[in-house]
Amino acid sequence: MDEGETFQEAVLKLVMRIPKGRVTTYGRVATEIKGSVHAARAVGQALAKNPHPGVIPCHRVVRSDGDVGGYSGGIAKKIELLRAEGIEIEGRRVKNINEVLFQFSGVGTG
DNA sequence: GGGTGGGCTTGTA
DNA sequence: TTACAAGCCCACC
């Protein structure tokens, strides 16, 4: 991330790059920024406190297990948003997580 | 200005 | 499936 950018900013910016109908995992974001999957917790913190709700598709971030994880507005809400994008959700997990899983690698277009 | 605790996680046994 | 441990950042005192 840029030196002037903070961890939170980096997370938000990265999540903003997630296209519609796609999702990513906390670990992916954490690895892209800190290179440590354990930073996933910090990623959740950044999203939980996203200063730009609506601009930051924090609902497109799920757990590596496919579970939608949590959501400040409610897990049910997160599921509804994902389904609204065409993502299949079963119970609290993404069925085609492997298909909608967005990868930052190879997206270096901008 | 310094120290501690909690959180939208992950991986292994 | 359940329980435990590791590492990261922000907020509070």
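Computed from the coordinates by the stated procedures, all read-outs in this text should not be read as laboratory data. Computed from a prediction, not measured in an experiment: that's the story for all the values here. For neighbour counting, all protein chains shown are included, and Cβ atoms are generated from backbone atoms with ideal geometry for every residue, glycine included.
The label-point distance for A:LEU101 and A:ALA76, in a model that sets each label 7 Å from Cα toward Cβ, rounds to 3.0 nm. For chain A, lysine pairs separated by 8 or more sequence positions, or belonging to different chains, with Cα-Cα distances below 19 Å total 10.
Each Lys and Arg Cβ is given +1 and each Asp and Glu Cβ -1; about its Cα centre, chain A then shows a dipole of about 260 debye. The residue among A:ALA10, A:VAL37, A:SER72 whose Cα reaches farthest toward the positive pole of the charge dipole of segment A:7-100, with charges on the beta-carbon of Lys, Arg, Asp and Glu, is A:ALA10. Sequence-ordered 3J(HN,Hα) estimates for segment A:78-91 from the Karplus curve with 6.51, -1.76 and 1.60 and θ = phi - 60° stand at 4, 4, 4, 5, 5, 4, 5, 9, x, 8, 7, 10, 10, x Hz, glycine and proline given as x. Taking packing as the residue-averaged number of other Cβ atoms within 10 angstrom, the listed peptides A:62-69, A:94-101 run from highest to lowest as A:62-69, A:94-101.
With Rh defined as the Kirkwood radius, the inverse of the mean 1/r over Cα pairs, the Rg/Rh of segment A:58-110 is 1.00. Remark on A:ASP67: its backbone amide H falls under 5 Å from those of A:VAL94, a criterion applied only to residues 5 or more positions apart or on other chains, H modelled at 1.01 Å from N. What percentages, rounded to whole numbers, describe P(r) for chain A computed over all alpha carbon pairs with 5 Å bin width beginning at zero? Result returned by the calculation: 2, 13, 25, 27, 19, 10, 3, 1, 0.
Modelled spin labels at A:ARG83 and A:SER36, positioned 7 Å past Cα toward Cβ, are 3.8 nm from each other.
Relative contact order for segment A:7-100: 27 percent, from Cα pairs under 8 Å spaced at least 6 residues apart, divided by residue count. The 3J(HN,Hα) values that the Karplus relation (6.51, -1.76, 1.60; θ = phi - 60°) gives for segment A:52-69 are, in residue order, 10, x, x, 8, 9, x, 4, 6, 8, 10, 10, 7, 4, 6, x, 5, 5, x Hz. Gly and Pro appear as x. For A:THR24, the amide hydrogen comes within under 5 Å of the amide hydrogens of A:VAL61, A:VAL62, A:PHE102, counting only partners 5 or more places away or on other chains and with H modelled in the peptide plane.
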